[in-house]
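The values are calculated or read from the model by the stated rules, or taken from the named source; none is laboratory data. Nothing here was measured: the structure is a model prediction, and the numbers come from that model. Quick reminder, even Gly has a Cβ in these numbers, built from the backbone with ideal geometry, and neighbours come from all protein chains shown. We work out accessible area using only protein heavy atoms, side chains counted, and drop any ligands, DNA or RNA first. Shrake-Rupley method; radii C 1.70, N 1.55, O 1.52, S 1.80 Å.
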Amino acid sequence: EDLRVDGRGCEDYRCAEVETDVVSNTSGSARVKLGHTDILVGVKAEMGTPKLEKPDEGYLEFFVDCSANATPEFEGRGGEELGTEIANTLYRVFSSESSVDLKSLCINPREHCWVLYVDVLLLECGGNLFDAISIAVKAALFNTRIPKVRVLEDEEGSKEIELSDDPYDCIRLNVVDVPCIVTLSKIGYRHVVDATLQEEACSLASLLISVTSKGALTSMKKVGKGSLDPESIFEMMETGKRVGKSLHIALQKILDEEESLGTSRQKVGFLG
Amino acid sequence: LVGRMRRLTGCSLRLAPRYNGEVGDIVVGRITERWKVETNSRLDSVLLLSSMNLPGGELRRRSAEDELAMRDYLQEGDLISAEVQSVFSDGAVSLHTRSLKYGKLGQGVLVQVSPSLVKRQKTHFHDLPCGASVILGNNGFIWIYPTPEQKDEEAGGFTTSLEPVPLSDREVISRLRNCIVALVTQTFMLFDTSILYCYEASLPHQIKDILKPEVMEEIVLETRRRLLDLEG
């Protein structure tokens, strides 16, 4: 019958707020509030050495911190397990070649490249963490500005890296193919998108799928103690793709709107 | 599932203000273990076997058989409505369900709010004209449920209907739930008239839109205006 406790349909997301550039000393940042779930993501671009097996590419590193304020379970070291699980999921989601153009992060093959350290901070847990985190990561990557560098070679052949003097001279990442995670929770015979904490408690099994803006599935993971019928998995995948595409469209619209306001944009940040 | 339900009632940040029980208060609580009840107080409330009503409203001394029967009837995770009988010196509250209007709660929706937002009234059980009923627990636990059809036969909560609730009733309940959340977010007192006016103000909007910040502001403003008109 498509009516949940808060009046939403099975495929409706809660009211979401997305704000980028909220942390000043990062290369890019974003904050996402989805209902009572509050996520902060900061991206720092630093120079590093390319991995041996991928000499002409840069790479991403994910760190997830579950703040003790998020829920009482995260007191002390309680949030570590969840943090590791989320980080591993993010690695999987971004492991696909096409999500981020890693070659653009290369400075000097085999010697220098950009490493993007993505820090995810869980400020409040209100259900549906993975979706909110993936939205925040995409927004933060969109907001990331990497300084342009030039490689200078002097007479002896040793290379020097020169950072551009102009702070506005930077490269932006193409996030068109960055996937977003859609979590579908099975409750009874139906499945819902964007479950609240109460709905998650009633759901025995969920499917996490990462979808690109074109509707392509890049990874899939099943969580929960319950089992999923292959037919319902197929249905959930179809729903996920559909919902994922509209999610990307909505997110891109917000990001473009924010961008167009430029520096005159009034930032709400943490004091609003 | 039961364990997780317990965790849920404990981890809501909105419940930071705790409930301090007073004799005569009505509360809605969740059974945690025999016979402790979670009511968002500092200490768990207690529901004694001797304070519960028997099927049919009999009054007699409880036996060991009654205790076994009670265990089947009230299980961990169940919600009950009760009245505060007495308060112990350490602040813990003793509950009773000796009247037929109290007892186990069946199908419905629970909303947890700060106890300070629940206005003290003569009665906390309200049958709203919009088609559903609410129990405004003094402890901040609000229970919204479909109005039972037979009002003269009050079973004291011994028969819980598991019939699927019709869509129209569920829509009313969801709308009420969102209105209560809106009132609480705008720090507005909860009582039967405020909830009803807020419900009526929300009718032009779709149920799921009520939780949008701009809509919440609008309907609570409307509620405030109507209540002021009422007074003036």
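So how strong a dipole does the range A:16-261 carry about its Cα centre when Lys and Arg Cβ are +1 and Asp and Glu Cβ are -1, to the nearest 20 debye? Before the final figure, lay out each step's value.
On the way: 25 positive and 42 negative charges, 210 e Å.
That gives the range A:16-261 a dipole magnitude of about 1020 debye.
Whenever you get a sec, compute what percent of the accessible area on the range A:116-260 sits on carbon and sulfur atoms (1.4 Å probe).
55 percent
What translational D, rounded to a whole number of µm²/s, comes out for chain A from Stokes-Einstein when the hydrodynamic radius is the Kirkwood one over Cα pairs, at 10 °C and 1.306 mPa s?
Approximately 80 µm²/s, per Stokes-Einstein.
Taking only DSSP H segments of four or more residues, each worth -39500 (n - 2.57), what value at 222 nm results for the protein assembly as shown once the sum is divided by all its residues, to the nearest 500 deg cm²/dmol?
After summing the helix terms and dividing by residue count, I get -9000 deg cm²/dmol.
Can you list the lysines whose alpha carbon sits under 25 Å from that of A:LYS33, skipping same-chain ones fewer than 8 residues off?
Cα-Cα hits under 25 Å: A:LYS44, A:LYS138, A:LYS186, A:LYS214, A:LYS221, A:LYS222, A:LYS241, A:LYS245, A:LYS253, A:LYS267, B:LYS208, B:LYS212.
Output the residues of the range A:198-219 meeting this criterion: accessible area (heavy atoms, 1.4 Å probe) in the chain alone minus accessible area with all protein chains in place is 40 Å² or greater.
Residues passing the criterion (a loss of at least 40 Å², heavy atoms only) are A:GLN198, A:ALA201.
Between chains B and A, what is the buried accessible area in Å², counting both sides, with a 1.4 Å probe and ligands, DNA and RNA left out, to the nearest 100?
1700 Å²
With angles folded into 0 to 90 degrees, how steeply does helix A:129-143 sit against the dominant principal axis of chain A? Use alpha carbons for both and round to 10.
30 degrees
So if we plug the beta-carbon distance of A:LEU163 and A:GLU257 into 1/(1 + (r/R0)^6) with R0 = 30 Å, what FRET efficiency do we get, rounded to 0.05?
Details: r = 31 Å, r/R0 = 1.04.
Efficiency computed from Cβ-Cβ geometry: 0.45.
Could you pull the accessible area for B:THR187 with a 1.4 Å probe, rounded to 10 Å²?
100 Å²
Provide a whole-number value for the mean count of partner chain Cβ atoms within 10 Å of the Cβ atoms in peptide A:7-14.
That works out to 4 on average.
Quick one: accessible area per residue over chain A, 1.4 Å probe, rounded to a whole number of Å²?
51 Å²
Sticking to Cα atoms, compute the Rg of the protein assembly as shown to one decimal and its Dmax as the biggest Cα-Cα distance, whole number, in Å.
27.0, 104
Place +1 on the Cβ of every Lys and Arg and -1 on the Cβ of every Asp and Glu in the protein assembly as shown, take the dipole about the Cα centre, and give the residue among B:SER194, A:LEU208, B:TYR102 whose Cα lies farthest towards its positive end.
Ranked along the dipole, the leading option is B:TYR102.
Compare each residue of the range B:164-188 in its chain alone against the assembly with all protein chains, and report those whose accessible area goes down by 20 Å² or more; 1.4 Å probe, heavy atoms.
The answer is B:LEU167, B:ARG170, B:SER174, B:ARG177 - residues whose exposure falls by at least 20 Å² when every protein chain is included.
Taking Cα pairs under 8 Å and at least six residues apart, what relative contact order does the range A:16-261 come out at, in percent?
19 percent.
What distance in nm separates the two pseudo spin-label positions at A:ASP154 and A:LYS214, each 7 Å out from Cα along the beta-carbon direction?
4.6 nm
Considering chain A as a Gaussian network with a 10 Å cut-off on Cα pairs, which listed residue, A:ASP177, A:ASP256, A:ASP21, attains the greatest mean-square fluctuation?
A:ASP256
Tell me the label-point distance for the pair B:THR123, A:GLU61, using the 7 Å Cα-to-Cβ offset, in nm and rounded to one decimal.
Each label point is offset 7 Å from its Cα along the Cβ direction, giving 6.6 nm.
Would you mind checking the range A:45-82 for residues with the amide N under 19 Å from a putative spin-label position 7 Å along Cα→C-beta of A:TYR117?
Correct set: A:45-51, A:58-67.
Looking at the square roots a ≥ b ≥ c of the eigenvalues of the Cα gyration tensor of the range A:144-234, which shape do they give, rounded for a/c under 1.5, prolate if a/b is larger than b/c, or oblate?
Numbers: a/c = 4.08, a/b = 3.39, b/c = 1.20.
Prolate shape, in that a/c is at least 1.5 and a/b is the bigger ratio.
Scan the range A:83-177 for trypsin sites (Lys or Arg not before Pro) in coil per DSSP, keeping those whose Cβ has at most 16 other Cβ atoms within 10 Å, and list them by number.
Numbers: sites: A:ARG92, A:LYS103, A:ARG110, A:LYS138, A:ARG145, A:LYS148, A:ARG150, A:LYS159, A:ARG172; in loops: A:ARG110, A:LYS148.
Sparse-neighbourhood loop trypsin sites (Lys or Arg not before Pro): A:ARG110, A:LYS148.
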